[in-house]
Amino acid sequence: LGLLGQAPFADVIGFNREATESTVYLIPRSKHLDRGSAEEMVAGEDDRVKEIKVPYHFNFHFANAYEDDERNVVIDSVLTDSVDLGLDMDGSVPVWVAADLDEFSPGRYDRLTVDPTGKTAPRMETKSRREPEFPTIPRELSSRRHRYAYTVGAHKDYETFPNGKGK
């Protein structure tokens with residue numbers, strides 16, 4: 001429904017508020033397979049799909065991913081520690097009027113590095129705490145190492161309240 005414009009996109013995202021970890025699925029590109037194609041793969045049923053548990057987070061805006069020199073997968077995204085999509089807000093007024101931003105979890109630009117072999121534990125590193133959103137990179141660098149990602153964001157790092165909330 002979200003893709004057809006018949007429901008807000010956030011309304012069609014599923015998530016588990018009780019989760020203690022998140023899952024990253026690594027699916028090899030078809031050109032790197034010795035059999036079949038990536039379209040035929042099913043997570044949990046195909047040994048070519050790698051399922052990696054990582055620290056819990058909600059990832060809404062993705063910047064880029066690439067393989068580093070050690071064949072780890074590096075993923076840059078805007079993350080939050082909890083899901084605050086405003087699903088309970090009054091849709092008849094603008095979000096900046098209806099929302100109490102002090103009740104939302106702040107976003108940050110994080111780099112997650114995962115080892116597809118599972119021999120090394122995933123690493124999460126925060127690159128920016130300036131409320132980044134809508135990250136992008138030059139198109140020609142998609143799936144390649146990049147030096148910069150461009151985002152909108154706050155003019156300074158945020159300071160959260162004792163409950164971990166606040167924007």
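Matching residues to (1) under 30 Å from residue 47 (Cα atoms); (2) under 19 Å from the mean Cα position of the chain (by Cα); (3) not in a strand (DSSP E or B):
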residue	(1), (2), (3)
111	yes, yes, no
116	yes, yes, yes
121	yes, yes, yes
125	yes, yes, no
130	no, yes, yes
158	no, no, yes
161	no, no, yes
165	no, yes, yes
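Starting from residues that are part of a loop (DSSP other than H, G, I, E, B) and either open to solvent by 30 Å² or more (accessible area, probe 1.4 Å) or out of contact with any strand residue (DSSP E or B) (no Cβ under 8 Å at 6 or more places or on another chain) (or both), keep the ones in segment 97-109 and report whichever is nearest to residue 79 (Cα to Cα).
Applying the filter and picking the extreme gives 104.
What number of residues within segment 15-43 satisfy the criterion of being in contact with an Asp or Glu (Cβ under 7 Å, 6 or more places away or on another chain) and at pLDDT below 75? I'd like the intermediate steps shown before the answer.
First, the residues of segment 15-43 that are in contact with an Asp or Glu (Cβ under 7 Å, 6 or more places away or on another chain): 23, 25, 43.
Narrowing the set further to residues that are at pLDDT below 75 leaves 43.
Counting residues in segment 15-43 that are in contact with an Asp or Glu (Cβ under 7 Å, 6 or more places away or on another chain) and at pLDDT below 75 gives 1.
Please tell me if residue 45 is within 24 Å of residue 25 (Cβ to Cβ), without any contact (Cβ under 8 Å) to a residue 40 or more places away in the chain and in contact with a strand residue (DSSP E or B) (Cβ under 7 Å, 6 or more places away or on another chain). First the steps, then the outcome.
On the way: within 24 Å of residue 25 (Cβ to Cβ): yes; without any contact (Cβ under 8 Å) to a residue 40 or more places away in the chain: yes; in contact with a strand residue (DSSP E or B) (Cβ under 7 Å, 6 or more places away or on another chain): no.
When the stated conditions are applied, residue 45 does not pass them.
Considering each residue of segment 48-77, count those that are β-branched (Val, Ile, Thr), under 14 Å from residue 28 (Cβ atoms) and in a strand (DSSP E or B), and give that number.
Summing the residues that are β-branched (Val, Ile, Thr), under 14 Å from residue 28 (Cβ atoms) and in a strand (DSSP E or B) in segment 48-77 gives 2.
The values are calculated or read from the model by the stated rules, or taken from the named source; none is laboratory data. Here the structure is a predicted model, which means the values were calculated and not measured. So basically every Cβ, Gly included, is an ideal-geometry build from the backbone, and we count neighbours across all protein chains shown. Protein only, heavy atoms only, side chains kept; ligands, DNA and RNA dropped before computing areas. Shrake-Rupley method; radii C 1.70, N 1.55, O 1.52, S 1.80 Å.
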